[in-house]
1. Could you list, in sequence order, the residues of the range A:367-386 that are crowded, with 18+ Cβ neighbours inside 10 Å, modelled with pLDDT of 95 or more and out of contact with any Lys or Arg (no Cβ under 6 Å at 6 or more places or on another chain)?
2. Within the bounds of the range A:105-112, is there any residue that is in a helix (DSSP H, G or I), at negative phi and either surrounded by fewer than 16 Cβ atoms within 10 Å (Cβ to Cβ) or more than 30 Å from the chain's Cα centre (by Cα) (or both)?
3. Can you tell me which residues in the range A:408-429 are aromatic (F, W, Y) and crowded, with 17+ Cβ neighbours inside 10 Å?
4. Quick one: B:R149 ticks every box in (1) farther than 26 Å from B:F246 by Cα; (2) of a type outside the set (S, T, N, Q); (3) open to solvent by 30 Å² or more (accessible area, probe 1.4 Å) except a single one, so which number is it?
5. Given the criteria under 30 Å from B:L444 (Cα atoms) and in a helix (DSSP H, G or I), does A:F324 qualify?
6. If you go through the range B:251-300, how many residues are in contact with a strand residue (DSSP E or B) (Cβ under 9 Å, 6 or more places away or on another chain), within 14 Å of chain A (Cβ to nearest Cβ), within 27 Å of B:V164 (Cβ to Cβ) and aliphatic (A, V, I, L, M)?
7. Looking at (1) open to solvent by less than 20 Å² (accessible area, probe 1.4 Å); (2) of a type in the set (G, A, S); (3) out of contact with any Ser or Thr (no Cβ under 9 Å at 6 or more places or on another chain), find the lone condition where A:G334 falls short.
8. Only residues that are of a type in the set (V, I, T), outside any loop (DSSP other than H, G, I, E, B) and touching a helix residue (DSSP H, G or I) at 6+ places or on another chain (Cβ under 7 Å): list them for the range A:154-197, please.
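The values are calculated or read from the model by the stated rules, or taken from the named source; none is laboratory data. Because the structure is predicted, anything quoted here is derived from the model rather than measured. Here Cβ is always computed from backbone atoms with ideal geometry, including for glycine, and neighbour counts include all displayed protein chains. Calculation scope for accessible area: heavy atoms of the full protein, side chains included, ligands and nucleic acids excluded. Shrake-Rupley method; radii C 1.70, N 1.55, O 1.52, S 1.80 Å.
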Protein chains: 2
Amino acid sequence: MRNTIEEEVLKRVLPSDEERRDVLAMGQRLIQTVGEVAGVPAMMTGSVARGTWVRGDKDIDIFMLFPTEISREELQEKGLAAAYGVVEKFQGTSEEKYAEHPYLKAIIEGYDVDLVPCYHVASTAEMKCAVDRTPFHTRYMLDHIGSLREDVLLLKQFTKGGGVYGSDHMTGGFSGYLCELLILAYGGFTQFIEAASKFRFGEVVDIEGYYPDKKSIRKIFPEPLIVIDPTDKNRNVAAALTPTRFSEFMELARDYCAAPHECYFIPDAPTTMSKQDFAAMLEKRGTAMLALSFKTPGYVPDTVVPQLRKTMESVKTQLAAEEFPVHRAEVSMGPDHCIIIFELLAATLPKIIVREGPPVWVHENADKFVEKYLGQKDNAGPWIAGDRYFTEVERKYTNAADLLKDSPKLFTASLGKHVRLSMEDGYDVLSGEEIWSIEFAGFLSAYFARRSHAVRKLRTIQDI
Amino acid sequence: MRNTIEEEVLKRVLPSDEERRDVLAMGQRLIQTVGEVAGVPAMMTGSVARGTWVRGDKDIDIFMLFPTEISREELQEKGLAAAYGVVEKFQGTSEEKYAEHPYLKAIIEGYDVDLVPCYHVASTAEMKCAVDRTPFHTRYMLDHIGSLREDVLLLKQFTKGGGVYGSDHMTGGFSGYLCELLILAYGGFTQFIEAASKFRFGEVVDIEGYYPDKKSIRKIFPEPLIVIDPTDKNRNVAAALTPTRFSEFMELARDYCAAPHECYFIPDAPTTMSKQDFAAMLEKRGTAMLALSFKTPGYVPDTVVPQLRKTMESVKTQLAAEEFPVHRAEVSMGPDHCIIIFELLAATLPKIIVREGPPVWVHENADKFVEKYLGQKDNAGPWIAGDRYFTEVERKYTNAADLLKDSPKLFTASLGKHVRLSMEDGYDVLSGEEIWSIEFAGFLSAYFARRSHAVRKLRTIQDI
């Protein structure tokens, strides 16, 4: 069933025997060392443990399994101590990271190694925190994936090539485990990709048959793709897959089935644009671009990016309420700065605006409203339409940038916690070519060329 | 109870004994002549018949009462013939008008005389057309109004002074009969105006007590003021009173009760503006004004004005759909031309616009959409957001005037029948000071100084 393109791709993504041997040996040494240092068992998880990693993606995840008797605090303490002990033994380097509790991200003999403490539980029903689930995923997959490993690699490479791989919030795409389950459910890459080309929202995959009918599942899980975790019937493995990414994937699958091409397995090369090109583009479009720029909060993208999007929506609402027509808006989290850009059809407006007043029969408010605007010279109003007062007043912001610069007003909006804290420390309102910087040259280029992944593939194929 | 202001007003608006004698004598002669010419009885209706006319407003309404046996066609034919016969006898002049059926508007010995044919029915239950009801109103009022005639005159003059008198569609205000019923219900001008100052939407007046409870009435009649016709329990006499006019009246009543002033009984002097002032005003406001201008259809304002408003709303929706921000809009029906003005915050926009496409899983439409926009050079798209395609495209109208000039597009909107016919004969799109003409110098002046009637009174009193 596999076509020659897929065979060629497999040759590229299958780990070499040497890579396979080396990484598994390294894993064994790490597990052994955990035992020596902390006296607890450990296991490899992730794609390396399951033999489903794409050549070169050989990050090693070591889960250290602590007894359930110890407290959360002890787990964190002992877990970190064990991890540091392991790193020391190998003379590696490390950095603390935070998920549900702290873990260590280390570099050991050239490998990226995550050393994660968790509870050693007998079933997912006894889980004490989310990371306890990971070992079950690995055990399940080792029991079931069998001869389908190559198909998993193809799907992973397909989703990577299509820009929909990665379950972090910035991507909102497919996790490795999700790819594995889908291949398992459909029995192979070809079978799955053909099924996916006909998918709609509300697709259900329930390998273990936990639910008697699909309708009942859709009532429990609101997401467009529902893949019941075989190790935990209450969890949708595709919960982090956004509707947009799922739609993009359906489109990629459909286009690939119609006309297979190797480019579907190759990620798009990132583009970039110079300050001159950026200025020329704005000039050509005739729009006005403004940006909020501030220091990137010290949290992972999964935390920060949703807050940036929330802030963007809030500020868009504020701009629209002041009648500034927003063409498009977008966010980007750079290593040093975050920016939220607003491309406007008009950044300046005449100085009058219509303000709505109270109903005529709310006498106290009506009196205040009339008294306030009675003496207006040039503006019309107050007048009545229906049961309410209206009046023309001086527009507060004749320039959209003035609104963005008005921080007390801006901070009334719903911003995320960390974005708010960073902005309260200070933010800049940038306009036009001021917005360009090396940090965002790629982001801005992608903004102007925004296209679905499948459309980009088609343009590549047709050389547009 | 009457204050000195009201006493003074009454002196001005009470018809003189001579006016009273003359107009009633004229009425009698007309009734007699109808008998001679057509052999049917006739009666005077309207405010003259009921003795509730404001000095000088001495239009005479003569209703010619034809037997119910004749057909509608016969009624129209015989009715018009009788009317023409009467006019001839008095050597008057006349013009045919159309309500539910044709009638004659005549000038006879200096009086404005309406000669209206209707059926002579014994009760409103036997009515064959709406005009048959009018004689019953007159009979009812003659039986009941008694000593309250002066209070009716005060209320009529108050509503005239406040710009809310007249039940035509252009005004949407109080009819004479409505004023009479309200005075009757409340027992006098002072009593009514004090009650009205505390009115809210959903006020109910049911003089004959046809309905056991107010709640049930509100379910039948949706209007903000409900005055059950004593001669026909199924009719709300205040049905033509718009929510806006009713609100304005409540405001006038409240302000007048708080501080009575003679200006409430004096209509605002019409204002006007020169072309220079108009141009200067637009310059000052910084807005862009466009207008549709076309020949006035040969129908009464009650027919044309609602169609103008409908057209205005439709075109506003079209402008908004193309992202042109409309500040305000208004209509005016002049003797020769109608205009619909649109004051815009921006009349020109950048040449790009976001277009929404089909959902990704509607494959045929999705393919068409992608194919159409795949090769775009400068614009972004197609991209996917949620389950739908979007793309940037060239904006069709970068100038709002181009949209208004695009008649096939404009005519897809919901316009009234007669407005549509007139516009199909040709219309102009005017811009800025081109909009000004003598015909609309008053309308444009009022547009810029739009204020509720009570606010205008307060400004008069406070000399603002």
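1. Selection gives A:F369, A:V370, A:Y373, A:P382, A:I384.
2. Of the residues in the range A:105-112, the ones in a helix (DSSP H, G or I) are none.
No, that holds for no residue.
3. Step one: list which residues in the range A:408-429 are aromatic (F, W, Y), which gives A:411, A:427.
Across the range A:408-429, the qualifying residue is only A:Y427.
4. Against the list (1) farther than 26 Å from B:F246 by Cα; (2) of a type outside the set (S, T, N, Q); (3) open to solvent by 30 Å² or more (accessible area, probe 1.4 Å), B:R149 comes up short only on (1).
5. Criteria not met by A:F324.
6. Going through the range B:251-300 one residue at a time, the tally reaches 0.
7. Of (1) open to solvent by less than 20 Å² (accessible area, probe 1.4 Å); (2) of a type in the set (G, A, S); (3) out of contact with any Ser or Thr (no Cβ under 9 Å at 6 or more places or on another chain), only one is false for A:G334: (3).
8. We begin by selecting, within the range A:154-197, every residue of a type in the set (V, I, T); these are A:159, A:164, A:171, A:183, A:190, A:193.
Still in the list and also outside any loop (DSSP other than H, G, I, E, B): A:159, A:183, A:190, A:193.
Once the filter is applied, which keeps residues that are of a type in the set (V, I, T), outside any loop (DSSP other than H, G, I, E, B) and touching a helix residue (DSSP H, G or I) at 6+ places or on another chain (Cβ under 7 Å), the range A:154-197 yields A:T159, A:I183, A:I193.
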